[in-house]
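For reference, the structure I am asking about is given below.
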Amino acid sequence: MRADYIVLAILVLSGLAQGRIVGSELEWDPKGYILYCPCSGQFAGQVEQLLGTLYFAKMLDRVLVLPPFINYPCGRKTHAHNYGLQVSAGTKEGNLYVPATEYFDLNALREYYEDIVTFEDFMYELAPTHWPLDERVAYCSSRAAEGNNDMCPRKGNPFSTFWEAQNVEFSRSEIWSGDLHYNVEYDPWRVMWMETFNPSEHPVLAFMNAPTSTPLSLDRDHLHKYLQWSADIEREGERYITDNIERPYVGLHLRNGADWARTCDLADGTMTRLLSSSQCLGVHPTTTVHRQLCIQSEELVSEEVRALMQENEIRTIFIATDHVSMQDDLQRDFPDLNVVTMDPERPQLDMYLLGEADYFIGNCVSAFTSFVRRHRDNANLPTRYFGMRQSRRAAIHDEF
């Protein structure tokens, strides 16, 4: 058993890793709360939902209740129940619900918006008294409730399993029309939210999905600087660099799993946008998303690394991937370099290492790459994209 999982299991069993801030005493805030299920996508997508909802909560002047991240069993080598971690009911292996504080520094997020509490603290300290069982209301749009007997959808994984794992059962649904929009930077819509759901009558807005648009808008990129890794993630990442990597090193993000390959079938040269492609094509694309931007062959990967090496000294190639690392191929193509890959059960360490790399080549369409790119932008580190020989900054100047 890996040492980091042993530590995590001990913390969970002692009640610490559930996100509880031991010794804290919360008081109910009359300006109201926002809860939501991070029900779309893997870790990188859930981060974008967090940042978008953080902005939404600040604009509405409500307390954000920070949910745990959902770690799905698909692709996870270690079953959650082996380590005593919280799993959802009704699934063979179960989702793993990881408190946000396991990954990120809560105090750093509070530098942007002070009014944040963890889901665990909210449920333990406030919900029993201030959010009675018969007053727990689910909120969703009329479009989301269509075909569901005018109820907010709570079936399937993760829509029902998330709330079940948090011991939340809703007594009824509150459904809004299409007149409300998440773009609360537009003041009339912000005011409409505050007037439609005023805190005195709607103290807790529990959204069935994150109240934000994804992929994250480029004008929200600045929020990422408040997203700082926890001390544990940073410590483990730095230890890996010390033990396995010789600088300068280039980080590669390769997406080539079966699900991703099917997504890339859409990149047939007719679409101007696909998922996170605006990070390299810009807000107002003048070209279409072609397949090489979405999924890369071994030949293209080697070609891009070789082009980088003509300009810069490289001693190590670090590979992060969702499926095939191409490690053997790249070691053959670059015999004088150290080619390493972690293949971790947690993508957070891959993200950390890519973020700290001297150079980075990512996937234009991927939210995972977008996470790394935002971190590197804040640190003034360069980002390149496979299939596009230019930095991100040169590529999307049109947003300004």
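Read-outs throughout are calculated quantities, based only on the coordinates presented, and are distinct from any laboratory measurement. Just so it is clear, the structure is predicted and the values come from calculations on it, not from any experiment. All Cβ positions, even for glycine, are placed from backbone atoms using ideal geometry, and neighbour counts span all protein chains on display.
Apply the Kirkwood formula to region 170-325: the hydrodynamic radius equals the inverse of the mean of 1/r over all pairs of different alpha-carbon atoms; give it in Å with one decimal.
Details: mean 1/r = 0.0493 Å⁻¹.
With all distinct Cα pairs of region 170-325 included, I get 20.3 Å.
Would you please calculate the Kirkwood hydrodynamic radius of region 90-240 over all C-alpha pairs and express it in Å, rounded to one decimal?
Numbers: mean 1/r = 0.0555 Å⁻¹.
Across region 90-240, the inverse of the average 1/r is 18.0 Å.
What are the ³J(HN,Hα) values, in whole Hz, obtained from phi via the Karplus relation 6.51 cos²θ - 1.76 cosθ + 1.60 with θ = phi - 60°, for each residue of region 105-117 in sequence order, with x given for Gly and Pro?
7, 5, 5, 5, 4, 6, 5, 7, 8, 5, 7, 10, 10
Could you compute the longest span of the chain free of GluC sites (Glu not before Pro) located in DSSP loops and having at most 13 other Cβ atoms within 10 Å, not counting the site residues?
So the longest stretch without any such site is 314-400.
Here's a follow-up. Based on alpha-carbon atoms only, what is the radius of gyration of region 221-310 relative to the globular estimate 2.2 N^0.38 Å? Before the final figure, lay out the partial values.
On the way: Rg = 16.9 Å, N = 90, 2.2 N^0.38 = 12.2 Å.
Compactness ratio reported: 1.39.
Rounded to the nearest 0.05, what FRET efficiency do Thr272 and Glu299 have when you use their Cβ-Cβ distance and R0 = 25 Å? Walk me through the numbers on the way to the answer.
Details: r = 26 Å, r/R0 = 1.05.
That gives a FRET efficiency of 0.40.
Would you kindly compute the Cα radius of gyration of region 235-381 and its largest Cα-Cα separation (Dmax), both in Å?
According to the Cα coordinates of region 235-381, Rg and Dmax are 15.0, 45 Å.
Using the crude model of +1 on Lys and Arg Cβ and -1 on Asp and Glu Cβ, and no other charge, please compute the dipole size for region 165-243 relative to its Cα centre, in debye to 20. Before the final figure, lay out the partial values.
Numbers: 6 positive and 14 negative charges, 11 e Å.
For region 165-243, the charge dipole is close to 60 debye.
Okay, moving on. What Kirkwood Rh does region 191-264 have if only Cα atoms enter the pairwise 1/r average? Answer in Å. Write out the running numbers ahead of the final one.
Numbers: mean 1/r = 0.0560 Å⁻¹.
About 17.8 Å for region 191-264.
Can you run phi through the Karplus equation (6.51, -1.76, 1.60; θ = phi - 60°) for region 376-381 and list ³J(HN,Hα) in whole Hz, with x for Gly and Pro?
Result, ordered by residue: 6, 4, 5, 9, 6, 10 Hz.
Sticking with this structure for a sec: Say the dipole of region 269-380 comes from +1 at the beta carbon of Lys and Arg and -1 at that of Asp and Glu; which of Val372, Thr341, Pro285 then lies farthest toward its positive end?
Most positive-ward Cα: Pro285.
When every alpha-carbon pair in the chain is counted, what percent end up more than 32 Å apart? Write out the running numbers ahead of the final one.
Values: 29981 of 79800 pairs.
I get 38 percent for the Cα pairs in the chain exceeding 32 Å.
Using Cα centres only, tell me the gap between region 111-187 and region 206-277 in whole Å.
26 Å
Here's another thing I want to ask about it. Considering only DSSP states other than H, G, I, E and B, which chymotrypsin sites (Phe, Trp or Tyr not before Pro) in region 135-223 qualify as loop sites with at most 15 other Cβ atoms within 10 Å? Write down the numbers at each step before the final one.
On the way: sites: Tyr139, Phe159, Phe162, Trp163, Phe170, Trp176, Tyr182, Tyr186, Trp189, Trp193, Phe197, Phe207; in loops: Phe170, Tyr182, Tyr186, Phe197.
Counting only loop positions with at most 15 other Cβ atoms within 10 Å, the chymotrypsin sites (Phe, Trp or Tyr not before Pro) in region 135-223 are Tyr186.
Sequence gap at least 6, Cα distance under 8 Å: using those rules, report the relative contact order of region 243-359 to the nearest whole percent. Kindly include the intermediate steps, with their values, before the conclusion.
Details: 152 pairs, mean separation 47.1, N = 117.
About 40 percent, as a whole number.
With an 8 Å cut-off on Cα pairs and a minimum separation of 6 or more residues, tell me the relative contact order of the chain in percent.
Values: 667 pairs, mean separation 70.2, N = 400.
Value for the chain: 18 percent.
Still on this model: Give me the compactness ratio for region 138-191, meaning the Cα radius of gyration over 2.2 N^0.38 Å. Kindly include the intermediate steps, with their values, before the conclusion.
On the way: Rg = 13.3 Å, N = 54, 2.2 N^0.38 = 10.0 Å.
Output field value: 1.32.
Something else: With the radius of gyration and the Kirkwood radius both derived from the Cα set of region 27-74, what is their ratio Rg to Rh? Working shown, then result.
Details: Rg = 12.1 Å, Rh = 11.6 Å.
When Rh is taken as the Kirkwood radius, the ratio is 1.04.
For the chain, what is the mean residue ellipticity at 222 nm derived from helices alone (per DSSP H run of n ≥ 4: -39500 (n - 2.57); sum divided by total residues; nearest 500 deg cm²/dmol)? Please list the in-between numbers first.
Numbers: 16 runs with 136 residues, N = 400.
That comes out to -9500 deg cm²/dmol.
If you don't mind, there's one more thing I want to ask. About the Cα centre of the chain, how large is the charge dipole given +1 on each Lys and Arg Cβ and -1 on each Asp and Glu Cβ? Please answer in debye to the nearest 20. Intermediate results must be reported in sequence, preceding the final value.
Details: 35 positive and 57 negative charges, 110 e Å.
Result for the chain is approximately 520 debye, rounded to the nearest 20.
Follow-up. Once the principal axes of the Cα atoms of region 236-286 are found, what is the range along each, listed largest first in whole angstroms?
45, 28, 17
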